[in-house]
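Asks: The structure follows.
The values are calculated or read from the model by the stated rules, or taken from the named source; none is laboratory data. For clarity, every value in this text was computed on a predicted model and none was experimentally measured. All Cβ positions, glycine included, derive from the backbone under ideal geometry; neighbour counts span all protein chains shown. Ligands, DNA and RNA are excluded from the accessible area calculation, which covers all protein heavy atoms including side chains. Shrake-Rupley method; radii C 1.70, N 1.55, O 1.52, S 1.80 Å.
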Amino acid sequence: MAQLKSAAFKEGEVPQAREPLAVQEPLPEGSGRSFPPVSVPACQTLIDVRNGEASFAHVFQHFNWKENIMGGGSTLASYEDGQAEQRFAELKRALDTCRRYEGEGYVGPFEATVTTQASPEYGEEAVTFREIVPMGPEYGGDRNEQFVVVRTGNTIAAFSELSIGKDLFFPPEVITRQVERLRNAQRP
């Protein structure tokens, strides 16, 4: 956990983000609100990998962008030898079949559509996809969240950018810097 925290961004390192840039550890098992699995098992796998589930350790960092009030976030997850590759393969298989699912969140039941996008050139492996949840015109449009998930060695980093009614993107230069930090932290 300490190594992941030290690889995360510190105050002043992401100029387009509002301060503070606190790094959060997951809540202790059983202390947070839990939701039932989503309706499609492959989609649950996708959610679990992007959230760092089954990792040795993971941390979260939220970004409140100066230009997008909805913000973004990252999850940095560390795995035992070979497990990051295995989890990333599971994620890619899930993206082959996960197109739509139903679930329950903090505001109640929802339906999400998953669309894959061109894979970026980050780390050893990377995928990009969007999850869109219809919200209706009274909310200003659909909930639209972009995810970029990158494997570097024994880590998987997931970056998300949330918007309403738009296709916004997590800043590529921030992803590049974070992936480089994770790569450097794993070098002997």
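Asks: Taking the range 110-137 as the region of interest, how many residues are part of a loop (DSSP other than H, G, I, E, B), in contact with a Ser or Thr (Cβ under 6 Å, 6 or more places away or on another chain) and over 26 Å from E85 (Cα atoms)?
Replies: Residues flagged as part of a loop (DSSP other than H, G, I, E, B), in contact with a Ser or Thr (Cβ under 6 Å, 6 or more places away or on another chain) and over 26 Å from E85 (Cα atoms) within the range 110-137 amount to 0.
Asks: What number goes with the only condition from (1) at positive phi; (2) in contact (Cβ under 8 Å) with a residue 60 or more places away in the chain that G136 does not pass?
Replies: Single failed check for G136: (2).
Asks: Follow-up question, since we're still on this one. Test V107 against the stated conditions and say whether it is of a type outside the set (G, A, S) and either free of Cβ contacts under 8 Å to residues at least 24 places away in the same chain or surrounded by fewer than 17 Cβ atoms within 10 Å (Cβ to Cβ) (or both).
Replies: On the way: of a type outside the set (G, A, S): yes; either free of Cβ contacts under 8 Å to residues at least 24 places away in the same chain or surrounded by fewer than 17 Cβ atoms within 10 Å (Cβ to Cβ) (or both): yes.
Against the criterion (of a type outside the set (G, A, S) and either free of Cβ contacts under 8 Å to residues at least 24 places away in the same chain or surrounded by fewer than 17 Cβ atoms within 10 Å (Cβ to Cβ) (or both)), V107 qualifies.
Asks: Is it the case that some residue within the range 73-82 is among the hydroxyl-bearing types (S, T, Y), over 21 Å from R143 (Cβ atoms) and either modelled with pLDDT of 95 or more or touching a helix residue (DSSP H, G or I) at 6+ places or on another chain (Cβ under 7 Å) (or both)?
Replies: Looking only at the range 73-82, we keep the residues that are among the hydroxyl-bearing types (S, T, Y), and these are 74-75, 78-79.
Subset that is over 21 Å from R143 (Cβ atoms): 78-79.
Remaining after also requiring either modelled with pLDDT of 95 or more or touching a helix residue (DSSP H, G or I) at 6+ places or on another chain (Cβ under 7 Å) (or both): 78-79.
The answer is yes; a qualifying residue exists.
Asks: Shifting gears a bit: Answer yes or no as to whether E11 is in contact with a strand residue (DSSP E or B) (Cβ under 8 Å, 6 or more places away or on another chain) and exposed (fewer than 15 other Cβ atoms within 10 Å of the Cβ). Even if it seems obvious, please write down each step before you answer.
Replies: Values: in contact with a strand residue (DSSP E or B) (Cβ under 8 Å, 6 or more places away or on another chain): no; exposed (fewer than 15 other Cβ atoms within 10 Å of the Cβ): yes.
Against the criterion (in contact with a strand residue (DSSP E or B) (Cβ under 8 Å, 6 or more places away or on another chain) and exposed (fewer than 15 other Cβ atoms within 10 Å of the Cβ)), E11 does not qualify.
Asks: Oh, and also: Would you check which residues across the range 66-101 are open to solvent by 100 Å² or more (accessible area, probe 1.4 Å), outside any loop (DSSP other than H, G, I, E, B) and over 14 Å from T152 (Cβ atoms) and list them? Before the answer, list the steps.
Replies: Taking the range 66-101 and keeping what is open to solvent by 100 Å² or more (accessible area, probe 1.4 Å), we get 66-67, 69, 81, 85-86, 93, 96, 99-100.
With the extra rule that they be outside any loop (DSSP other than H, G, I, E, B), the set shrinks to 85-86, 93, 96, 100.
Scanning the range 66-101 gives Q86, R93, D96, R100.
Asks: Pairs, please: C-beta under 8 Å, at least 6 apart or cross-chain, first residue closer than 14 Å to A185 by Cβ and β-branched (V, I, T) and in the range 56-85, second open to solvent by 30 Å² or more (accessible area, probe 1.4 Å) and assigned to a helix (DSSP H, G or I)?
Replies: Short answer, once both residue conditions are applied: V59/K5.
Asks: While we're on this one: Select from the range 147-177 the residues that are among the charged types (D, E, K, R) and in a loop (DSSP other than H, G, I, E, B) and write down the one among them that is surrounded by the fewest Cβ atoms within 10 Å (Cβ to Cβ). Step through it out loud before you land on a result.
Replies: So in the range 147-177, the residues among the charged types (D, E, K, R) come out as 151, 161, 166-167, 173, 177.
Within this subset, residues satisfying the condition of being in a loop (DSSP other than H, G, I, E, B) are 166-167.
Numbers: K166: 13, D167: 11.
Selected residue: D167.
Asks: Then there's this: Scan the range 123-146 residue by residue and report those that are among the β-branched types (V, I, T) and open to solvent by less than 20 Å² (accessible area, probe 1.4 Å). Quick ask: steps written out before the conclusion?
Replies: Taking the range 123-146 and keeping what is among the β-branched types (V, I, T), we get 127-128, 132-133.
Answer for the range 123-146, where residues must be among the β-branched types (V, I, T) and open to solvent by less than 20 Å² (accessible area, probe 1.4 Å): V127, T128, V133.
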